[in-house]
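*Asks:* Can you keep this structure in mind? I'll have questions shortly.
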Amino acid sequence: MRNIDEKTITPAFLARIEGCGNPRLKQVLSSLVTHLHDFAREVRLTEAELMEGIRFLTATGQKCNDRRQEFILLSDTLGLSMLVVAMNHAHGAGVTESTVFGPFHTEDAPHARQGADIARGAPGTPLFVEARVRSLSGAPVAGAEVDVWQADDDGLYDVQRTELGSQRRARGVLRADADGVVRFRSIAPTAYPVPTDGPVGELLVATGRHPWRPAHVHFMIRADGYETLVTHLFRDGDPYLDSDAVFGVRSSLIGDFVRHDAGTAPDGTRMAGPFYTLKHDFVLAPAA
C-alpha cells in the first residue's frame, strides 16, 4: 500500500500481520498498535515528543542491570503492574491477596533454617516473624517455600548497597515445617522512596508525585499444587498507605506488627532494647 496517511496507517499495519501464526501474539500486537496509533492521533503527538519518549525508554533500559530493573519500576509507578496483578489474581474471599513483585527480588537469596536471623547485620529494629501457610480449607501447607526480602532501616535493599558486593542480607528462603509454619528474625520495615536517580524518578518529579512506599516486607510463597503467591505485609499507621507510589496496598495485607519493650523475644533471646513481633497466616489458592 502506498500513500499511507494518518487514517490509513493503522489498517495497513493490521494487514501486514494478518499472516501471524501465533494467535495470542496477533491479538496483543493488534490491540497494542491500534491503541498506540489512537493515542498519537488523540494528543496530536509531535516529532519532538516522539523522540523524547524514545530517549526516555532508552534511558530506562540503560538503567537496568543485574541489581536493578528500571522497567519493572516504571510499570509499577504507572499502575500497570498492579492492574495486571488485580486481573490475574482475583480469587475472592479467603485467599491472601497478591500485590506487586517489585524490582529488587534476587534469585541468589541464601537458604535459611527455621529461626534464623535473615537480617544478617542489616540496620533496623529486630523483628520476629511467625508465618503460617495454609490452604483454603485451613490445612497446613507443609514444605512450602517462603522467599522473603525487604529494605533496611536506611530504606535500601542489599542490592542497592555497592559496598556489600554479592553479600545478601534482609532476605532469605525458608521451608515451612509440618504445620506449615516458618519462623525467622529480621528487622522491622520502614517507609522508603523508590529510586529517583533514573528516568522513572524524572517522571515522578515531572508529574508532581512523591516516590515513597509504605513500610513493608515482601513474600513469595511457592508450593506444589498451589498458585504462587507474591505479596507484601504492610505496617499499620504508615503515612504512605494511602498514596503508595506503586499502588500496591491492600487493607487485608496490613500486618499486625507489635512493638515490645526490652525483654524476652519469642525465640528466647533476651533483648536489651525494643523489638517487634509479627504473626500472619498466608492462604494459598489451588493451582488452576
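*Asks:* Given H placed on each backbone N at 1.01 Å, which residues far from ALA170 in sequence or on other chains put an amide H within less than 5 Å of it?
*Replies:* ALA119, ARG120, ALA122
*Asks:* May I ask you to list the trypsin sites (Lys or Arg not before Pro) in the range 1-62 that are in a DSSP loop and have at most 12 other Cβ atoms within 10 Å of their Cβ? Display every interim value, and only then the final one.
*Replies:* Values: sites: ARG2, LYS7, ARG16, ARG24, LYS26, ARG41, ARG44, ARG55; in loops: ARG2, LYS7, ARG44.
Answer in residue order: ARG2, LYS7, ARG44.
*Asks:* For a quick check: with amide H placed at 1.01 Å from N, whose amide H comes under 5 Å from GLY115's, ignoring anything fewer than 5 positions away on the same chain?
*Replies:* ARG183, PHE184
*Asks:* For ILE187, enumerate residues with amide H under 5 Å from its amide H, sequence gap 5+ or separate chain, H modeled in the peptide plane.
*Replies:* When sequence neighbours closer than 5 places are left aside, the close amide H contacts are LEU127.
*Asks:* Which ³J(HN,Hα) values in Hz, rounded to whole numbers, follow from the phi angles of the range 117-122 under the Karplus curve 6.51 cos²θ - 1.76 cosθ + 1.60, where θ = phi - 60° and Gly and Pro get x?
*Replies:* Using θ = phi - 60°, the values come out as 8, 7, 5, 6, x, 5 Hz.
*Asks:* Please report, in Å, the Rg and the Dmax of the chain, where both are computed over Cα atoms only.
*Replies:* Just the Cα atoms of the chain yield Rg and Dmax of 22.4, 80 Å.
*Asks:* Order of 260-266, 118-124 by packing, highest average Cβ count within 10 Å first?
*Replies:* Details: 260-266: 12.6, 118-124: 18.0.
Packing proxy ranking, top to bottom: 118-124, 260-266.
*Asks:* Could you give the Stokes-Einstein D for the range 41-89 in µm² per second, using the C-alpha Kirkwood radius, 20 °C, 1.002 mPa s? The partial results should precede the final answer.
*Replies:* Numbers: Rh = 12.6 Å.
My calculation gives 169 µm²/s for D.
*Asks:* Using a 1.4 angstrom probe on heavy atoms only, work out the carbon and sulfur share of the accessible area of the chain in %.
*Replies:* Details: 8270 of 15180 Å².
Taking all protein chains in place, the chain shows 55 percent carbon and sulfur surface.
*Asks:* Related question: At a 10 angstrom cut-off on C-beta neighbours, averaged per residue, how do the peptides 167-173, 75-81 rank from highest to lowest?
*Replies:* On the way: 167-173: 20.7, 75-81: 18.3.
The most tightly packed comes first, giving 167-173, 75-81.
*Asks:* Kindly provide the pair-distance distribution of the range 101-229 built from C-alpha pairs, with 5 Å bins from 0 and whole-percent values in order of increasing distance.
*Replies:* Calculated P(r), rounded to whole percents: 2, 10, 19, 19, 18, 13, 9, 6, 3, 1, 0.
*Asks:* Here is a further query. Beyond 23 Å, what share of the Cα-Cα pairs of the range 1-120 remains, rounded to the nearest whole percent? Numbers along the way, then the final one.
*Replies:* Numbers: 4244 of 7140 pairs.
For the range 1-120, the fraction of Cα-Cα distances above 23 Å is 59 percent.
*Asks:* Of all DSSP beta bridges in the chain, what percent run antiparallel (nearest 5)?
*Replies:* Numbers: 34 of 46 bridges.
About 75 percent, rounded to the nearest 5.
The values are calculated or read from the model by the stated rules, or taken from the named source; none is laboratory data. Please read all numbers here as calculations on a predicted model, not as lab measurements. Glycine also receives a Cβ, built like all others from the backbone with ideal geometry; neighbour counts cover every protein chain displayed. Side chains included, ligands, DNA and RNA excluded: accessible areas come from the protein's heavy atoms. Shrake-Rupley method; radii C 1.70, N 1.55, O 1.52, S 1.80 Å.
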